[in-house]
1. Which ones in the stretch A:175-185 are part of a loop (DSSP other than H, G, I, E, B) and farther than 16 Å from A:LEU203 by Cβ?
2. For the stretch B:60-152, list the helices (runs of 4 or more DSSP H) that sit wholly inside it and hold at least 2 residues that are more than 10 Å from every other protein chain (Cβ to nearest Cβ), hydroxyl-bearing (Ser, Thr, Tyr) and surrounded by 22 or more Cβ atoms within 10 Å (Cβ to Cβ); which are they?
3. Of the residues in the stretch A:80-92, how many are closer than 13 Å to A:VAL46 by Cα and surrounded by fewer than 13 Cβ atoms within 10 Å (Cβ to Cβ)?
4. Identify, please: which residue in the stretch B:212-261 is hydroxyl-bearing (Ser, Thr, Tyr) and within 10 Å of chain A (Cβ to nearest Cβ) and is, among those, farthest from the chain's Cα centre (by Cα)?
5. Which members of the stretch A:289-307 meet the condition of being of a type in the set (Gly, Ala, Ser) and facing chain B (nearest Cβ under 8 Å)?
6. I need a count of the residues in the stretch A:57-68 that are closer than 11 Å to A:TYR294 by Cα and open to solvent by 30 Å² or more (accessible area, probe 1.4 Å).
7. Among residues belonging to the stretch B:345-388 that are open to solvent by 40 Å² or more (accessible area, probe 1.4 Å) and hydroxyl-bearing (Ser, Thr, Tyr), point out the one that is farthest from A:GLN224 (Cα to Cα).
8. When you look at B:SER450, is it open to solvent by 10 Å² or more (accessible area, probe 1.4 Å), in a helix (DSSP H, G or I) and within 21 Å of A:HIS245 (Cβ to Cβ), yes or no?
Amino acid sequence: MTTVETGLRGVGTRLGRSAWGGFALRRGGGLLLSIAVLVLLTFLIVPLIPGDPAAAILGADATPEAIAAMRERLGLDEPLPAQFVDYLRGLVTGDLGTSFHYGIPVTETIATKLGYTTTIAFGAIIVVLAVAIPLGMAVGVLTRGGRRPGLATTFGAVAGFLASFPSYVAATVLIIVFAIQLGWLPAGGASSTQAYILPIAALALGPTFAVARVVRQETYNVMQQDFMRTARGRRISAARLHLRHALPNLLASTLTLAGIILASLLGGAIIIETVFNLPGLGTEVVSAIIYRDYPVIQGIVLTIGLIAIAINLAIDVILGIIDPRTITAVSHD
Amino acid sequence: MTDLRRRLNAPLVAGLAIMAALAVVAIVAPFTLREAADTLGGAPRSAPSAEHWLGTDSLGRDVLARSLVATRLTLLMALGATALSAIPGILIGASVWFGPRTLRNLVLRLIDSTVAFPSLVLALVIAAILGPATSSAVIAIGVAGIPAFARITSNMTASVIHSDYITTARLLGVPRWRNFTRHLMPNIGGPLLVLGASSFALALLEISSLSFVGLGVQSPDYDWGRLLSEALPSIYSMPMIAIAPSAMLIIAGVGAMLTGDGLARHLDPWSSAPARAPRTGTVTTTAPRTSDLVQIDDLRVTAANGTPLVHGLSMRIGAGEIVGLVGESGSGKSMTAMSLARLQPDSVTVEAATLRVGDLDMRKGGRRTAMATDIGLIFQDPTRSLNPALRLGGQLTEVLTVHMSMLRRAARRTLVDGFERVRIRDAEHRLSQHPHELSGGMLQRTMIASALATNPRLIIADEPTTALDVTVQAEVLRQLKRINQDDATAILFISHDLGVVEALCDRVLVMHQGSIVEELTSEQLAARDVSHPYTQRLLDATPSLSLTDARQEDPA
């Protein structure tokens, strides 16, 4: 690992002085490590099943012949490293195995389900950022330095309350109000665009207010910085002061903290599909765990993990654009 | 009473009260309500009534009783998962700092790469390995929380371990493990408690979510998540069945969140210092016209808590004059200068009989263009006073483009000329750089260039050399002197360093505890002809710095 890193660093210095070049090399190393951890994790699911995985998969009634056949199919009789090599070979050739339950390639299952999950997850991320940043910043500016204590307290209480709403509880409440009581929106399914409104709202509700709280706090922090006083000294308009001078710094610190919230939104998406009967990856992976359909579990965990890695990477790139200091090297010291 | 309330803030009290109430329910409800919760045979799906406050479910069981009885299992699972995250996480996060560096980097990198995944992904993997069950939900959420604890413990340990007292303890030969228990834990214990509270809330909601989708608690056991999922099929006819466990989940989530927030505030008393809304000055005296450029009469600055910071200060600065304002930190000199510039912090109150720069009344807002162009500002720490996210060209030409209606190119041209005047090499290129790409001395010169670009009548320089190396200091002072001589720009120069002030200023005002205690000409200062004991003490503490050979320090 260290030799690889030293090697990469050497290439980095040779490649030139571009900060982004160094960033790409350094972040590339982290990216590879994340993917390696993810692949190892999904591979280990089957070997780590307590007892005989084949027997566990087939249940208590299985005949010894069936168990032997399953061991053969899973390659369990081979030594672990050989199994891992087989698994890697499958991944590289785009073969994630065949579903025990459906008898079709896992890649096909994922391809048909992926869209539902990404639609609600990315929809929710957009809603969170579009609402939380203006809201948190507005409250932060209005209540800075102890102004409007009533607004500060109200926002703190309401946002704190809504931020602790788990997505599936929010979903239940939203269904009761908007689908059952008011009848405005469908309670489930994926037949129309409107059917996505409640899932996205339920998924975005808690994180929106969690991020808005972060944004408010960061607004306070940024407004106290020396460079904001310098900017005030240029006697520019309030809009220019806040949007041009505060916002970029705010976004940088907010995104660093909100990155984890955004990635965890994927977890919420998995859970919430059940509530709304959305045939996405979440519903699928839950039933795959209940039916012990391991190729499907591995495939979906891998897919969701890769999306999370992609979100993190996207956040780092955006951070680098907003605040160039973040792309210079950081070490663990 | 008030003392207690100050120590236990409102969120903490509310959070602890909610958690205590839930704990009581968790202990009592299974003993007293088990029968109502589990007995079949009541009227199924009955509406709320005196007997069944929230009605009954499809098997005739009391909805409220079931939600209350489920409290025990739900809380125990969350507690177990939190312990499962915290103990290994803290041990890993702290112990990496006591091992070899290569191992530390490797472990931290691994932790980083797992923190990137949503914890639910990790939880799904573990649920898949162990199969759906109560225990596997606890283990899944618990293990999934380890990286976060390890990462945060490691970050905090890093900051503590590099602190002076740990270094001192190590030099004194205190064994490492003893450092860990004796010095480290008390310092990182507080933040870990906060993390524990919030991760308890998270574990509770995530375990419930696993139960909710069928991967956690299995029938006939039930927790809130399981109750909620059982309610979903009949949500159209019986929304009440879903509302009871939802409400319990929200109450517990809010309780844990409030506890965490309250603990955080409790442990960081600085963050909760009472702040008061600022008032604007009310004294209304029309300023008499004089030939002085700056006129301050009876300036009073008051902190939010009522502490006076500047007590009725009066001073003048003539056109083209360099006036030094010296004093130790906290003497009110910066507060005076910032009040004059109308850049005081939000939390203080500024009042004055006169506060005037030229014909600008600095007690009032408005006339932004005149304020921006007549007053040039140079601040103490250039690396903190420039916006790290913006390129230098954009932020330093802002007054020119916003207030002097210059086009971007003309403004950049003006600034490049200014850069060359303060001897910044490669001036054109600097405009497209960010502040972190330049050294502190270079940045301070860009700020001076920017302050001069509008040909201001007054420059307010607030400790402009304090954050700089001595050699760079002298260069910056030389440039300020030259600017004053070339353009007859008046300068208010704030410093705690009499030596620096002596080298630059025509007249020096010594400030102590919010008042001016002595006024000196540069000749008096050079001759050490001072009368106030405070000034004498300042002089005794000051090594001399001279800009020209002509003005050497008097050995007396």
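The values are calculated or read from the model by the stated rules, or taken from the named source; none is laboratory data. None of the values given here were measured: they were computed from a predicted structure. Note that each Cβ is placed from the backbone with ideal geometry, even for glycine, and that neighbours are counted across all protein chains shown. Only protein heavy atoms, including side chains, enter the accessible area calculation; ligands, DNA and RNA are left aside. Shrake-Rupley method; radii C 1.70, N 1.55, O 1.52, S 1.80 Å.
1. Passing the criteria: A:LEU182, A:GLY183, A:TRP184.
2. On the way: elements: B:63-95, B:101-115, B:119-130, B:134-144.
It comes to B:63-95.
3. Qualifying residue count for the region: 1.
4. Looking at the filtered set, the residue picked out is B:SER237.
5. Passing the criteria: only A:GLY305.
6. 0
7. The extreme case among them is B:THR369.
8. Taking the combined requirement at face value, the residue satisfies it.
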